[in-house]
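The values are calculated or read from the model by the stated rules, or taken from the named source; none is laboratory data. What you see is a predicted model; the values in this text were computed from it and never measured. Counting neighbours? That spans all protein chains shown, and the Cβs are built from the backbone with ideal geometry, glycine included. The accessibility values were calculated without ligands, DNA or RNA, using every heavy atom of the protein model including side chains. Shrake-Rupley method; radii C 1.70, N 1.55, O 1.52, S 1.80 Å.
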Amino acid sequence: ERDLDLAVEQSAGSDYVFWARGCFRIRCLGDSDGARSDLMRSRQLNPAYMEAHELDGHIKMMREDFEGAAESYELLIQRQTHDPLIASRVFMKSIALYCAEDYTAAAARALMGVDLRPTDRMLHVFCAIACDADGQTEKAARHRLKAEQMPHAPSISGRRPALPPSQEALARRLRNGYHGCR
C-alpha cells in the first residue's frame with residue numbers, strides 16, 4: 001500500500017499507477033470508495049485506458065451491481081480481442097453473470113474460457129460450478145473431472161475475483177478448488 005501511494009506521488013500523471021492502486025484497494029482492502037477515486041483519476045488522465053473497465057467491474061462487483069460489472073468486463077473483452085489475458089476477462093464476466101444468477105450465460109462464458117485456456121484448472125473449476133448451477137450436470141461432471149486431474153498451480157486466468165460478502169459461498173468454493181465445486 002505504501003509503495004503504491006509513493007508511486008502515485010511520484011507519477012501523478014500516470015493512468016496506470018492510479019489503476020494499480022485502485023485494483024489493490026478493491027481486491028486487497030475491499031475499499032470501493034478509494035478504488036472509485038483512483039478509477040476516476042485514471043479515467044481523467046486517459047479516457048481511453050482500457051484497463052479502467054476491469055477496475056470498474058471490480059468496484060461494481062463489490063457494490064453488488066453484478067449486471068453492471070458484467071457490462072464493464074464485456075467492454076474490456078470487446079475492445080481487447082487480441083489480449084493474451086482474454087481468458088481472465090471472460091472468467092471475470094462469467095463470475096459476474098453467475099452472481100447475477102444468470103446461470104445460462106455464466107456457463108456459456110465459462111465454457112468459452114476453458115476453450116481459450118484448456119489447461120487452466122481454475123477455469124475448469126468454475127465451469128463445473130456454473131454448468132452445475134445451470135443444470136448441465138454432464139458438462140459439470142466433465143469439467144470437475146478435468147479439474148481433479150490437473151495440478152494445483154497458480155492461475156493468471158482464474159484469479160480470485162473481487163466478491164462482496166454476500167458471495168462468500170462462491171468465494172469459498174473457488175478457494176477450495178475442485179473439492180468445492182461438488
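Look through region 148-182, keep the residues that are over 27 Å from residue 72 (Cβ atoms) and of a type in the set (A, V, I, L, M, F, W, C), and return whichever of them is nearest to the chain's Cα centre (by Cα).
Applying the filter and picking the extreme gives 153.
Out of region 43-56, which residues are among the hydrophobic types (A, V, I, L, M, F, W, C) and buried (at least 19 other Cβ atoms within 10 Å of the Cβ)?
First, pick out the residues of region 43-56 that are among the hydrophobic types (A, V, I, L, M, F, W, C): 45, 48, 50, 52, 55.
Within region 43-56, 52, 55 meet the criteria.
Suppose we filter region 173-182 for residues that are open to solvent by 50 Å² or more (accessible area, probe 1.4 Å) and touching a Cys at 6+ places or on another chain (Cβ under 9 Å); how many remain? Step through it out loud before you land on a result.
Within region 173-182, the first condition is being open to solvent by 50 Å² or more (accessible area, probe 1.4 Å), and the residues that meet it are 173, 175-176, 179, 182.
Imposing the further condition that a residue be touching a Cys at 6+ places or on another chain (Cβ under 9 Å) reduces the set to 173.
Residues meeting the conditions: 1.
Only residues that are more than 17 Å from the chain's Cα centre (by Cα) and among the charged types (D, E, K, R): list them for region 37-59, please. Break it down into steps so the answer makes sense when it comes.
Going through region 37-59, the residues more than 17 Å from the chain's Cα centre (by Cα) turn out to be 37-38, 40-49.
Those that are more than 17 Å from the chain's Cα centre (by Cα) and among the charged types (D, E, K, R): 38, 41, 43.
Which residue, of 59, 26, 86, 77, is buried (at least 23 other Cβ atoms within 10 Å of the Cβ) and under 24 Å from residue 127 (Cα atoms)?
Numbers: 26 fails: under 24 Å from residue 127 (Cα atoms); 86 fails: buried (at least 23 other Cβ atoms within 10 Å of the Cβ); 77 fails: buried (at least 23 other Cβ atoms within 10 Å of the Cβ).
Answer to the check: 59.
Conditions tested, residue by residue: (1) free of Cβ contacts under 8 Å to residues at least 60 places away in the same chain; (2) among the aliphatic types (A, V, I, L, M).
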| site | (1), (2) |
| --- | --- |
| 42 | yes, no |
| 55 | yes, yes |
| 61 | no, yes |
| 71 | yes, no |
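Keeping to region 1-27, report how many residues are within 18 Å of residue 48 (Cα to Cα), acidic (Asp, Glu) and free of Cβ contacts under 8 Å to residues at least 12 places away in the same chain.
Result for region 1-27: 0.
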